[in-house]
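The values are calculated or read from the model by the stated rules, or taken from the named source; none is laboratory data. Quantities reported herein were computed from a predicted structural model and do not represent experimental measurements. Positions of Cβ are generated from backbone atoms using ideal geometry, with glycine treated the same way; all protein chains shown enter the neighbour counts. Please note that ligands, DNA and RNA were not included when accessible areas were found on the heavy atoms of the full protein model with its side chains. Shrake-Rupley method; radii C 1.70, N 1.55, O 1.52, S 1.80 Å.
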Amino acid sequence: MSLSRCMLGAVALLSASLIVTGCSLTPPIAPHPALDRAERAATLTRRLTFEPGDETTASDASPRTLIAVMRLAPQELRVVLTTPYGQRLTTLVRDASGSRFEQGDAPREEALPFPPDWLATRLEWSLWPRAALEEAFAGSDWRLDERDGHRLITYRGTRIARITPPPSGRDASREVVLDDFQGDYRLRITPLDATPDHETAP
(Lines give C-alpha, C1' and ligand atoms only; values in the text may rest on other atoms or scores of the structure.)
Protein backbone atom coordinates (compact mmCIF):
# COMPACT_ATOMS: atom_id res chain seq x y z
CA MET A 1 0.00 0.00 0.00
CA SER A 2 1.45 3.39 -0.98
CA LEU A 3 2.05 6.07 1.61
CA SER A 4 -0.31 8.32 -0.36
CA ARG A 5 -3.15 5.85 0.07
CA CYS A 6 -2.34 5.41 3.75
CA MET A 7 -2.27 9.15 4.38
CA LEU A 8 -5.36 9.97 2.35
CA GLY A 9 -7.15 6.97 3.83
CA ALA A 10 -6.23 8.23 7.27
CA VAL A 11 -7.81 11.58 6.66
CA ALA A 12 -10.85 9.96 5.07
CA LEU A 13 -11.08 7.68 8.11
CA LEU A 14 -11.28 10.67 10.41
CA SER A 15 -13.79 12.53 8.28
CA ALA A 16 -15.86 9.63 6.89
CA SER A 17 -15.25 6.73 9.35
CA LEU A 18 -13.23 4.59 6.91
CA ILE A 19 -10.74 2.10 8.38
CA VAL A 20 -7.24 2.00 6.86
CA THR A 21 -4.44 -0.09 8.33
CA GLY A 22 -1.13 -1.69 7.42
CA CYS A 23 0.83 1.37 6.29
CA SER A 24 4.47 0.57 5.72
CA LEU A 25 6.99 3.38 5.81
CA THR A 26 10.11 3.17 3.65
CA PRO A 27 12.68 4.68 4.11
CA PRO A 28 13.01 4.82 7.92
CA ILE A 29 12.08 7.96 9.83
CA ALA A 30 14.56 10.82 9.41
CA PRO A 31 16.48 12.21 12.40
CA HIS A 32 14.59 14.97 14.20
CA PRO A 33 16.09 18.45 14.52
CA ALA A 34 16.61 19.89 18.00
CA LEU A 35 13.43 21.36 19.42
CA ASP A 36 15.17 24.58 20.43
CA ARG A 37 16.42 25.14 16.87
CA ALA A 38 13.04 26.15 15.47
CA GLU A 39 12.97 29.45 13.57
CA ARG A 40 10.97 30.98 16.40
CA ALA A 41 8.68 30.07 19.27
CA ALA A 42 5.11 30.63 18.17
CA THR A 43 1.59 29.31 17.85
CA LEU A 44 0.75 28.71 14.17
CA THR A 45 -2.70 27.94 12.79
CA ARG A 46 -2.57 26.18 9.44
CA ARG A 47 -4.85 24.44 6.99
CA LEU A 48 -3.32 21.09 5.95
CA THR A 49 -4.60 19.97 2.55
CA PHE A 50 -3.57 16.54 1.26
CA GLU A 51 -3.81 16.31 -2.54
CA PRO A 52 -3.39 12.90 -4.27
CA GLY A 53 -0.98 12.45 -7.16
CA ASP A 54 -1.59 10.99 -10.60
CA GLU A 55 -1.05 7.40 -9.44
CA THR A 56 -3.68 7.56 -6.69
CA THR A 57 -6.83 5.55 -7.32
CA ALA A 58 -10.06 7.33 -8.22
CA SER A 59 -11.59 6.55 -4.81
CA ASP A 60 -8.83 8.61 -3.15
CA ALA A 61 -8.84 11.39 -5.74
CA SER A 62 -10.41 14.18 -3.66
CA PRO A 63 -8.24 16.51 -1.57
CA ARG A 64 -8.64 16.15 2.21
CA THR A 65 -8.28 18.96 4.72
CA LEU A 66 -7.46 19.19 8.41
CA ILE A 67 -6.89 22.23 10.60
CA ALA A 68 -3.68 22.23 12.65
CA VAL A 69 -2.91 24.49 15.60
CA MET A 70 0.85 24.12 16.06
CA ARG A 71 2.69 25.22 19.16
CA LEU A 72 6.47 25.53 18.64
CA ALA A 73 8.44 25.85 21.86
CA PRO A 74 12.00 24.99 22.98
CA GLN A 75 10.65 21.99 24.92
CA GLU A 76 8.12 20.53 22.48
CA LEU A 77 6.22 20.58 19.21
CA ARG A 78 2.49 20.23 19.91
CA VAL A 79 -0.03 20.02 17.06
CA VAL A 80 -3.79 19.89 17.66
CA LEU A 81 -5.50 18.36 14.61
CA THR A 82 -9.19 19.06 13.97
CA THR A 83 -11.67 18.62 11.18
CA PRO A 84 -12.74 21.77 9.28
CA TYR A 85 -15.90 21.56 11.44
CA GLY A 86 -13.95 21.81 14.70
CA GLN A 87 -13.89 18.23 16.00
CA ARG A 88 -10.55 17.59 17.71
CA LEU A 89 -9.18 14.36 16.27
CA THR A 90 -5.88 14.03 18.10
CA THR A 91 -2.85 15.96 19.33
CA LEU A 92 0.63 15.23 18.02
CA VAL A 93 3.34 15.81 20.64
CA ARG A 94 7.08 15.64 20.06
CA ASP A 95 9.34 16.32 23.02
CA ALA A 96 12.39 14.84 24.73
CA SER A 97 10.48 11.55 25.16
CA GLY A 98 9.81 11.15 21.43
CA SER A 99 6.69 11.53 19.27
CA ARG A 100 3.18 10.39 20.19
CA PHE A 101 -0.51 11.00 19.56
CA GLU A 102 -2.73 12.02 22.46
CA GLN A 103 -6.42 11.17 22.55
CA GLY A 104 -8.81 13.60 20.87
CA ASP A 105 -12.60 13.82 20.71
CA ALA A 106 -12.88 11.01 18.14
CA PRO A 107 -13.17 7.41 19.43
CA ARG A 108 -9.81 5.76 20.13
CA GLU A 109 -10.33 3.19 17.36
CA GLU A 110 -10.35 6.07 14.88
CA ALA A 111 -6.83 7.19 15.79
CA LEU A 112 -4.53 8.16 12.91
CA PRO A 113 -3.04 4.97 11.40
CA PHE A 114 0.29 6.57 10.41
CA PRO A 115 3.03 6.93 13.06
CA PRO A 116 3.45 10.23 14.90
CA ASP A 117 7.16 10.31 13.96
CA TRP A 118 6.19 10.39 10.28
CA LEU A 119 3.89 13.40 10.64
CA ALA A 120 6.37 15.18 12.92
CA THR A 121 9.19 14.90 10.37
CA ARG A 122 7.09 16.34 7.52
CA LEU A 123 6.13 19.33 9.64
CA GLU A 124 9.75 19.80 10.75
CA TRP A 125 10.98 19.73 7.14
CA SER A 126 8.46 22.50 6.39
CA LEU A 127 9.07 24.66 9.49
CA TRP A 128 12.64 24.28 10.79
CA PRO A 129 15.56 26.34 9.43
CA ARG A 130 18.14 24.78 7.14
CA ALA A 131 20.98 24.74 9.69
CA ALA A 132 18.89 22.78 12.21
CA LEU A 133 18.04 20.05 9.69
CA GLU A 134 21.61 19.81 8.40
CA GLU A 135 22.80 19.38 11.97
CA ALA A 136 20.20 16.63 12.58
CA PHE A 137 21.07 14.81 9.34
CA ALA A 138 24.85 14.91 9.92
CA GLY A 139 26.34 11.40 9.94
CA SER A 140 23.15 9.81 8.52
CA ASP A 141 21.95 8.79 5.04
CA TRP A 142 19.66 11.83 4.93
CA ARG A 143 20.58 15.03 3.09
CA LEU A 144 19.08 18.49 2.64
CA ASP A 145 19.67 20.81 -0.29
CA GLU A 146 18.20 24.26 -0.91
CA ARG A 147 18.32 25.89 -4.32
CA ASP A 148 16.09 27.61 -6.89
CA GLY A 149 13.45 28.51 -4.30
CA HIS A 150 12.85 25.04 -2.85
CA ARG A 151 14.17 22.60 -0.24
CA LEU A 152 14.95 19.01 -1.25
CA ILE A 153 15.13 16.10 1.22
CA THR A 154 16.90 12.92 0.03
CA TYR A 155 17.69 9.50 1.51
CA ARG A 156 20.70 7.65 0.06
CA GLY A 157 20.44 9.83 -3.03
CA THR A 158 16.73 9.19 -3.57
CA ARG A 159 14.33 12.14 -3.53
CA ILE A 160 11.90 11.92 -0.63
CA ALA A 161 10.28 15.35 -0.47
CA ARG A 162 10.49 18.87 -1.88
CA ILE A 163 9.35 21.91 0.10
CA THR A 164 8.49 25.13 -1.75
CA PRO A 165 9.40 27.75 -0.70
CA PRO A 166 11.94 27.01 2.04
CA PRO A 167 10.59 28.22 5.41
CA SER A 168 11.52 31.69 6.58
CA GLY A 169 10.82 33.21 9.97
CA ARG A 170 10.66 36.62 8.33
CA ASP A 171 7.58 35.74 6.26
CA ALA A 172 5.18 33.32 7.91
CA SER A 173 2.23 34.37 5.74
CA ARG A 174 3.22 32.29 2.69
CA GLU A 175 1.78 28.92 1.78
CA VAL A 176 4.32 26.09 1.98
CA VAL A 177 3.91 23.12 -0.39
CA LEU A 178 5.45 19.72 0.39
CA ASP A 179 5.63 17.26 -2.52
CA ASP A 180 6.11 13.71 -1.23
CA PHE A 181 7.68 11.65 -4.05
CA GLN A 182 7.47 8.32 -2.23
CA GLY A 183 3.82 8.64 -1.27
CA ASP A 184 2.68 10.41 -4.48
CA TYR A 185 0.82 13.26 -2.82
CA ARG A 186 1.12 16.98 -2.14
CA LEU A 187 0.64 18.59 1.26
CA ARG A 188 -0.29 22.29 1.30
CA ILE A 189 0.36 24.09 4.59
CA THR A 190 -1.66 27.29 4.37
CA PRO A 191 -2.03 30.09 6.96
CA LEU A 192 -5.59 30.85 7.99
CA ASP A 193 -6.22 34.52 7.24
CA ALA A 194 -8.61 34.90 10.15
CA THR A 195 -6.17 33.47 12.69
CA PRO A 196 -2.80 35.26 12.69
CA ASP A 197 0.29 33.66 14.20
CA HIS A 198 1.12 34.61 17.78
CA GLU A 199 4.74 35.17 18.72
CA THR A 200 5.67 33.71 22.09
CA ALA A 201 9.31 34.70 22.26
CA PRO A 202 11.40 37.54 20.83
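Some notes on this structure:
- If you go through region 65-77 and keep only what is more than 12 Å from the chain's Cα centre (by Cα), over 15 Å from TRP125 (Cα atoms) and not β-branched (Val, Ile, Thr), you end up with ARG71, ALA73, PRO74, GLN75, GLU76.
- Residue count for region 123-179 satisfying the condition of being in contact with a Leu (Cβ under 9 Å, 6 or more places away or on another chain), over 22 Å from ARG94 (Cα atoms) and not β-branched (Val, Ile, Thr): 7.
- Single condition TRP125 does not satisfy, out of (1) surrounded by 15 or more Cβ atoms within 10 Å (Cβ to Cβ); (2) at pLDDT 90 or above; (3) assigned to a strand (DSSP E or B): (3)
- Filter result for ARG151 (assigned to a strand (DSSP E or B), modelled with pLDDT of 95 or more and open to solvent by 50 Å² or more (accessible area, probe 1.4 Å)): no
- Residues in region 132-147 that are assigned to a helix (DSSP H, G or I), out of contact with any strand residue (DSSP E or B) (no Cβ under 8 Å at 6 or more places or on another chain) and open to solvent by 50 Å² or more (accessible area, probe 1.4 Å): 1 in all.
- Residue pairs whose Cβ atoms lie under 9 Å apart, sitting 6 or more positions apart in sequence or on different chains, and linking a residue in region 86-101 that is farther than 14 Å from LEU48 by Cα and among the acidic types (Asp, Glu) to a partner that is open to solvent by 30 Å² or more (accessible area, probe 1.4 Å) and part of a loop (DSSP other than H, G, I, E, B), are ASP95/GLN75; ASP95/GLU76.
- Check on GLY104, touching a Ser or Thr at 6+ places or on another chain (Cβ under 7 Å) and at pLDDT below 85: yes
- Within region 83-96, the set of residues being open to solvent by less than 70 Å² (accessible area, probe 1.4 Å) and part of a strand (DSSP E or B) comprises LEU89, THR90, THR91, LEU92, VAL93, ARG94, ASP95.
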